[in-house]
Amino acid sequence: MVQSDIINSSADVEISLSGLFRSVFKKLWIVLIAAVLVGAFVFFTTRGDESQAYTTSYKNYFYTESPLIEAKDGSLVSAPCSMSANAIMQLYNYIATNDDILQQIIENSSLDLTADEIKSMISVDLDSSASIVTVTIIGNTSEEAYTVAELLNKFVSEEITAKIECSRIETLVEPSTPVLQVINKNTIKSAVMASLLTIIISIVIIVIIEFAEDKVKTPQQLEERFGIVVLGCIPETKKSLNSKYTRNFK
């Protein structure tokens, strides 16, 4: 009868928040050591993880000619341009990453690249106030960056001026020999994020263990579980912890 009561009452164990926080605080040094080790590991492993890339760029200036003047039935007729310079600039990025243009680059070069790979190399920056578009190409080799930049400038300019009336594009800066750049990952940020994640995971694990543990830790829990009155208890001291009998009892 007593054994069944003990089993049934084992599900009524309560864990106080203060006791839970004390348990986490006692194990905090383990959490901090784990965070430092993980952070150091991430820092040193990503520190040497750098990649080389070749970058080149060119600049185009956009403008539209004066409205066309045509003679019709003996009178002058103004035929305005179909798009403004700023509108053409906005269209440039779309045309530069169009599949037809990218396919022309592939066909007119010896590069072993796909259309998606070329598209990922292209970055377009618009300066509407000055009517200038800056196109930057980043490639794995110097040949890739320069070839894509040169052909892109040629084909996109031809496409725009051929299909949009009165539009004109002047290349202010020609694609030049690409510059080698070393791209480093943010090792410090990665290490800090890894350390914070380690601390959070460690605390969650400690909390789960504390909730799952069903040991009797206080006289109140002993009374609630076994239905007996505790008249007194021996405080836990260093001497009692080091005692052979105490260790055997535990």
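The values are calculated or read from the model by the stated rules, or taken from the named source; none is laboratory data. Here the structure is a predicted model, which means the values were calculated and not measured. Cβ placement follows ideal geometry from the backbone for every residue including glycine, while neighbour counts extend to all protein chains displayed.
Being closer than 18 Å to Y58 by Cβ and not in a helix (DSSP H, G or I) is true for just one of T147, T136, T161. Which residue is that?
T136
Can you name the residue in the range 71-109 that is modelled with pLDDT of 90 or more and part of a loop (DSSP other than H, G, I, E, B) and is also nearest to the chain's Cα centre (by Cα) among such residues?
My answer is T97.
Being surrounded by 17 or more Cβ atoms within 10 Å (Cβ to Cβ), within 30 Å of M193 (Cβ to Cβ) and modelled with pLDDT of 90 or more: is that true of T55 here?
Considered against the rule, which asks whether it is surrounded by 17 or more Cβ atoms within 10 Å (Cβ to Cβ), within 30 Å of M193 (Cβ to Cβ) and modelled with pLDDT of 90 or more, T55 comes out as yes.
Output yes when any residue across the range 132-148 is over 20 Å from P178 (Cβ atoms) and either at pLDDT 90 or above or polar (S, T, N, Q) (or both), and no when none is.
yes
Does the range 8-23 contain at least one residue that is at pLDDT 70 or above and of a type outside the set (F, W, Y)?
No, every residue in the range 8-23 fails to be at pLDDT 70 or above and of a type outside the set (F, W, Y).
With the condition kept exactly as written, say whether any residue in the range 186-194 is surrounded by fewer than 17 Cβ atoms within 10 Å (Cβ to Cβ), outside any helix (DSSP H, G or I) and either touching a helix residue (DSSP H, G or I) at 6+ places or on another chain (Cβ under 7 Å) or not aromatic (F, W, Y) (or both).
Taking every residue of the range 186-194 in turn, at least one turns out to be surrounded by fewer than 17 Cβ atoms within 10 Å (Cβ to Cβ), outside any helix (DSSP H, G or I) and either touching a helix residue (DSSP H, G or I) at 6+ places or on another chain (Cβ under 7 Å) or not aromatic (F, W, Y) (or both).
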